[in-house]
Amino acid sequence: MIEIGAQVDLSHPAERVWRALTDRELLGRWFAEAETVEGVADRMLLHTSGLPGFEANVEVEVTERQEPDLLVLACDEAGRLSELTCTVTTTKQGCRLELREVSTHGAWSAEQHEPREQQLRQALTVRLPAILDWLAFQQVDLSRADGGMTAELPLIGVRGRADRNPRRRRTLVAVVAGAVLVAGTAAWVTLPPDPKPAAVPAPTATASPTVTAGTVTVAPTATPSARPSRTTASATTSPSRTPSAKPSRTPASAAPPPPPAPVTARYETDSDRLFGYTGEIVVRNPGGAPVADWAVVVTLAEGTTVDDVDGANWRQDKQVITFTGAALVAGGSQTIRFDVRDSRPNAREPESCTIGGQQCAGL
């Protein structure tokens, strides 16, 4: 028996969570698009093909229902059978939702198990809270007497879908009569250039004596000339040659090795939601040596907080978040993903992102 599970604490009543679990349109917004199977009650087809950990669409059938506490589904993914149990437990803050899927026939491969569980956890902790907050927002002040709803259901970016653009998406909340002010909301919708080597001084040429018959001519900068020796056989005076002094060469100072290539970073908003977003930073070491110390500093917009971080250690000082991690090998990279809560309906990107004092690309 192979089991996959995830749970999340939500600041919403159990009835609202139940609706998100059972409404086909809402289910398609936070987990996977769904369609009913014609002629068969309590059966739907989830379009999961292409999602991380899924190889095909999943046909599900309700086998047990206790509204709003328990929902049990029999799942068939191309002949691989499993049972998915959804349990909703009321808490002081709202409720706790736990999902547990157990294989009953066939098994998930090792390559499927981890991304499948991660996809489920991402859906519960990021996309589901976005839908629930939208529902709560709608129930408060999103309808007018005859005008109908004044907001559209937000589109939640899903990673891994072959037919979806993984770039950032924006959700606009259109308000018909004035601006909707949301105050006090705690809901979670969701190195210097190479120094030049010292110049080697040009050697000072010392003139050698110029010898002519019987005469010694010396250039002004010549070393002391040698006294000529006389021979008895000839009247010609032939001076002895004294080697000119050669200047000593001053060795050039050894140039220091070039500084390591700077570590770079690129920021991207992976997905937007009504009251927050998921950011992704890819840190790269383009140099030929490992880099032990690096830090990415992100300044969030006022009123936003980090809720969860994957891929790095982090600390927060007011609106400034500092991410650090293990040494980066030569040519290696590290991906950091973090979820941000925003007190305003329209999620705002970070104000800045730097690494080593340099601006991150993409922001």
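The values are calculated or read from the model by the stated rules, or taken from the named source; none is laboratory data. Note that the structure is predicted; figures quoted are calculated from it, not measured. Calculation scope for accessible area: heavy atoms of the full protein, side chains included, ligands and nucleic acids excluded. Shrake-Rupley method; radii C 1.70, N 1.55, O 1.52, S 1.80 Å.
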Tail weight of P(r) past 14 Å, computed on alpha-carbon pairs of the stretch 273-317, percent: 61 percent
1.4 Å probe accessible area per residue over the stretch 1-64, in Å²: 50 Å²
As computed over the stretch 23-73, the Cα convex hull volume per residue (Å³): 93 Å³
Accessible surface of the stretch 16-79, 1.4 Å probe, proportion on carbon and sulfur as whole %: 42 percent
Pairwise Cα inverse-distance average, inverted: Kirkwood Rh of the stretch 286-357 (Å): 13.3 Å
Estimated Rh, the stretch 1-152: Kirkwood, alpha-carbon pairs, angstrom: 16.3 Å
The stretch 305-330 and the stretch 67-129: distance between their alpha carbon centers, rounded to Å: 29 Å
